[in-house]
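The values are calculated or read from the model by the stated rules, or taken from the named source; none is laboratory data. Small disclaimer: the values here were computed from a predicted structure and weren't measured. Here the Cβ is made from the backbone with ideal geometry for all residues, glycine too, and neighbour counts use every protein chain on show.
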Amino acid sequence: MKLGVNLGYWGAGNDSDNLELARQADGLDYSVVWAAEAYGSDAATVLAWIGAQTTKIDLGSAIFQIPGRTPANTAMTAATLDSLSGGRFRLGLGVSGPQVSEGWHGVRFDKPLQRTREYVDIVRMALARQKVSYAGEFFTLPLPDGPGKALTLTVHPVRAEIPIYLAAIGPKNLELAGEIGDGWLAIFYSPEHSGEAATAITAGRVKSGKTIEGFDVVPTVPVIIGDDIEECSNFVRAYSALYIGGMGSREKNFYNQLATRMGYEQAAIEIQDKYLARDYVGAGAAVPLNFIDQTALIGPRERIRDRLAAYAESGVGTLSVAIYAGSLDERVATLRTMAEVLDESGLAT
């Protein structure tokens, strides 16, 4: 198992700290640094900035939003970042959600699986420097009734293939990730509840004639180190409540549905009710301690070290650390501690 670091969204007032975290992770031989985007900063610019100030660590988008860019534009960005960084880019993609897709990008949230499949097809075609000609349900290139022509990407990526990761939550999307992706970007990943996801991904691999070998499972895992488990959990409550309660509408919230499938149906309802009523503190308090303990690494150093085995045994290839608390020095210390405990566990690859 390898380690990554997820910096989340840029522009929260701690950008210089996040840059330093990326530099420190680079020096600690972390495998990859991930940057996110929603409807604020874009991930590509952030990754270019980080890439210019690091030397070894891979640069990952977690994620580029599929409705926000044409597939050709994503291929251009991926090829450019890979070239500028000397072959360090990993392309994470996701369809986002209905509110962002339709409200921010003006793209209907229709048939997300088919849209993702076509999108990845075109991105791969472009990155392979083939002439891009495609006739799909959502994408037609070139347009058949105008002067457009099939074009070839002029940038040469460093690598023959740039790895593509899909952010997925539901079983069908997980199967698609296994079929057409090189890895899975997971959120609220619990080793104890990973069997359904593993089955879906494996089914996708079988469809494409591949095995699970080499497929990279990458959960973003909050890490809070301290003696008191419940006190540590408090640093993660707002984050959990935001996603379970507020990321989407009452009718369509993928994270709420995930918590329900994990056995936390009543808690998921309560969290969403409180969050949508703007009782954010109450929503955070309603997140069960067990849910946080299963989806985060909290508590004393030795407890976290011992917990790593469950992630490795469930198939995690890269554990992406997310740090939500502390000063810069404390956050850097968490990065160092995670590198140390992974080494001590004997699970490092």
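I want to confirm something. Restricting to the range 42-61 and keeping residues that are in a loop (DSSP other than H, G, I, E, B) and touching an Asp or Glu at 6+ places or on another chain (Cβ under 9 Å), which single residue is surrounded by the most Cβ atoms within 10 Å (Cβ to Cβ)? Taking the candidates together, the pick is Ile57. Of the helices (runs of 4 or more DSSP H) lying entirely inside the range 170-258, the ones with 1 or more residues being out of contact with any Gly (no Cβ under 8 Å at 6 or more places or on another chain) and among the basic types (Lys, Arg) are found at 171-180. Here Gln266 meets the list (1) closer than 25 Å to Ala36 by Cα; (2) part of a helix (DSSP H, G or I) almost entirely, failing just condition (1). Quick check on the range 71-84. Is at least one of its residues of a type outside the set (Lys, Arg), in a loop (DSSP other than H, G, I, E, B) and modelled with pLDDT of 95 or more? No, the range 71-84 contains no residue that is of a type outside the set (Lys, Arg), in a loop (DSSP other than H, G, I, E, B) and modelled with pLDDT of 95 or more.
Considering the range 154-163, the residues that are surrounded by fewer than 20 Cβ atoms within 10 Å (Cβ to Cβ) and of a type outside the set (Ser, Thr, Tyr) include one that is nearest to Gly94 (Cα to Cα), namely Pro163. Please verify whether Glu161 is of a type outside the set (S, T, N, Q), modelled with pLDDT under 95 and outside any loop (DSSP other than H, G, I, E, B), treating the condition exactly as stated. When the stated conditions are applied, Glu161 does not pass them. Of all residues in the range 59-73, those that are farther than 15 Å from Ala168 by Cβ have Cβ atoms under 8 Å from Cβ atoms of residues that are of a type in the set (Phe, Trp, Tyr) and assigned to a helix (DSSP H, G or I), 6 or more apart or on another chain, in Pro71/Tyr119.
Of all the numbered requirements in (1) more than 18 Å from the chain's Cα centre (by Cα); (2) without any contact (Cβ under 8 Å) to a residue 40 or more places away in the chain, Gly214 misses one, and that requirement is (1). With respect to being assigned to a helix (DSSP H, G or I), under 30 Å from Tyr255 (Cα atoms) and touching a helix residue (DSSP H, G or I) at 6+ places or on another chain (Cβ under 9 Å), Glu137 falls outside the description.
Listed residues Gly204, Gly170, Gly178; which is touching a Ser or Thr at 6+ places or on another chain (Cβ under 8 Å), crowded, with 16+ Cβ neighbours inside 10 Å and not charged (D, E, K, R)? Exactly one of Gly204, Gly170, Gly178 is touching a Ser or Thr at 6+ places or on another chain (Cβ under 8 Å), crowded, with 16+ Cβ neighbours inside 10 Å and not charged (D, E, K, R), namely Gly178.
Lys2 satisfies every condition listed in (1) more than 27 Å from Thr349 (Cα to Cα); (2) within 19 Å of the chain's Cα centre (by Cα); (3) at pLDDT 95 or above; (4) not aromatic (Phe, Trp, Tyr) except (1).
Asp58: out of contact with any helix residue (DSSP H, G or I) (no Cβ under 7 Å at 6 or more places or on another chain) and farther than 16 Å from Leu7 by Cα, yes or no? It is false that Asp58 is out of contact with any helix residue (DSSP H, G or I) (no Cβ under 7 Å at 6 or more places or on another chain) and farther than 16 Å from Leu7 by Cα. Within the range 1-35, being surrounded by fewer than 23 Cβ atoms within 10 Å (Cβ to Cβ) and assigned to a loop (DSSP other than H, G, I, E, B) holds for Met1, Gly8, Tyr9, Trp10, Gly11, Ala12, Gly13, Asn14, Leu28, Asp29, Ser31. Looking only at the range 212-219, decide whether some residue is more than 21 Å from Ala62 (Cα to Cα) and in the same structural domain as Glu313 (by TED's automatic domain parsing). Within the range 212-219, one or more residues are more than 21 Å from Ala62 (Cα to Cα) and in the same structural domain as Glu313 (by TED's automatic domain parsing). Residues in the range 281-295 that are over 24 Å from the mean Cα position of the chain (by Cα) and assigned to a helix (DSSP H, G or I): Val281, Gly282, Ala285.
Among the residues of this structure, Arg90 does not count as one that is charged (D, E, K, R), in a helix (DSSP H, G or I), assigned by TED's automatic domain parsing to the domain that holds Phe64 and farther than 24 Å from Gly246 by Cβ.
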